[in-house]
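*Asks:* Here it is, the structure in full.
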Amino acid sequence: MKLYLNSCEPAEIREIAQWGILDGVTMNPTMVAAINRDYVRNLKEICAIADMDVFAQVVAERADTMVEEAKALAALHPRVIVKVQTSAEGVRAIRQLKAAGIRTCATAIHSTLEAIAAAKAGADHAAIFIGLLGEVDENPTDQLIATIREIYDQHDLPTQLMAAVRSASQLVESLAAGADEITAPPSVWKLFFQNGHTLTRWNAFASNWRKAYGDRNWITGY
């Protein structure tokens with residue numbers, strides 16, 4: 001299981017990387033455009049934060065240009081994984097990049113057919129956009145993950161199944177349904193340690209200790 005942060009803000013990434021459970025970072029062109037800064041320098045800064053994979057997306061629409069752009073992206077840092085749109089042109093590019101030894105992620109997948117095409121083309125990762133589907137589709141999103149998982153397993157497809165989620169419930173349901181990895185925004189990551197019962201229990205532990213021993217602890221002794 002791998003957990004990725006969907007962000008292109010270095011400060012957010014540094015904060016969560018310090019927890020020690022972050023496996024990498026994902027981003028998309030809309031996010032990068034929104035920060036409106038030197039995107040090459042920003043990507044290099046993110047890659048320098050920790051020894052982890054960083055997923056960055058090409059913006060070209062033709063396969064030949066996608067390949068050239070992907071090579072430029074991959075040359076920026078050895079941990080970069082190139083995201084490619086899941087289209088006819090995209091899978092052509094993924095096939096060529098696979099032959100060139102460049103790791104890829106077929107992205108913005110919303111159907112089983114797209115996930116099959118991505119794996120068949122040789123994508124190392126397939127990003128299923130559960131977040132959007134959960135907001136606009138009446139079908140259970142965990143079933144989509146489960147179906148793709150079953151197909152990948154039955155046909156020995158090595159593509160890593162990634163769920164791009166927007167809520168804690170989507171994160172849990174996707175992993176339970178068989179996703180190999182998830183990516184989530186900072187708002188979801190911060191929910192890891194916001195359970196009310198847990199916070200109440202910890203506050204009780206701390207309060208009871210202070211009443212009995214004040215500021216003393218296992219370092220200072222009794």
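What follows is calculated from the coordinates using simple rules that are stated; it is not laboratory data. As the structure is a computational prediction, the values presented were derived from the model and not from experiment. Note: ideal-geometry Cβ built from the backbone for every residue, glycine included; neighbour counts use all protein chains shown.
*Asks:* Looking for whichever is farther than 28 Å from M27 by Cα and of a type in the set (A, V, I, L, M, F, W, C) here; the options are A179, A212. Which one fits?
*Replies:* Working: A179 fails: farther than 28 Å from M27 by Cα.
Every option except A212 fails the conditions.
*Asks:* Can you find, within region 168-182, the residue that is surrounded by the most Cβ atoms within 10 Å (Cβ to Cβ) among those that are within 13 Å of the chain's Cα centre (by Cα) and not in a helix (DSSP H, G or I)?
*Replies:* Here the residue is I182.
*Asks:* For S207, only one of the following conditions fails: (1) more than 19 Å from T86 (Cβ to Cβ); (2) within 17 Å of the chain's Cα centre (by Cα). What is its number?
*Replies:* (2)
*Asks:* Just one of A50, A34 is of a type in the set (A, V, I, L, M, F, W, C) and without any contact (Cβ under 8 Å) to a residue 12 or more places away in the chain; which is it?
*Replies:* Residue meeting the stated conditions: A34.
*Asks:* While we're on this one: What is the residue count in region 84-96 for residues that are part of a strand (DSSP E or B) and polar (S, T, N, Q)? Break it down stepwise before answering.
*Replies:* Kept after step one, since they are part of a strand (DSSP E or B), are these residues of region 84-96: 84-85.
Those still in the list that are polar (S, T, N, Q) too: 85.
So the count comes out to 1.
*Asks:* What's the number of the only condition in (1) more than 21 Å from A106 (Cβ to Cβ); (2) buried (at least 17 other Cβ atoms within 10 Å of the Cβ); (3) among the aliphatic types (A, V, I, L, M) that A74 fails to meet?
*Replies:* (1)
*Asks:* Specify the residue that is surrounded by the most Cβ atoms within 10 Å (Cβ to Cβ); the eligible residues are those in region 97-122 that are in a helix (DSSP H, G or I) and within 18 Å of the chain's Cα centre (by Cα). Walk me through it before giving the result.
*Replies:* Applying the first criterion (in a helix (DSSP H, G or I)) to region 97-122 yields 97-99, 112-121.
Narrowing further to those that are within 18 Å of the chain's Cα centre (by Cα): 115, 118-119.
Details: A115: 27, A118: 29, A119: 24.
Out of the qualifying residues, it is A118.
*Asks:* Which of the strands (runs of 3 or more DSSP E) contained wholly in region 1-83 include at least 3 residues that are of a type in the set (A, V, I, L, M, F, W, C)?
*Replies:* Qualifying strands (runs of 3 or more DSSP E): 53-57.
*Asks:* Right, here's the next one. Determine which member of the set E69, E15, E9 is closer than 24 Å to V172 by Cβ and crowded, with 16+ Cβ neighbours inside 10 Å.
*Replies:* E15
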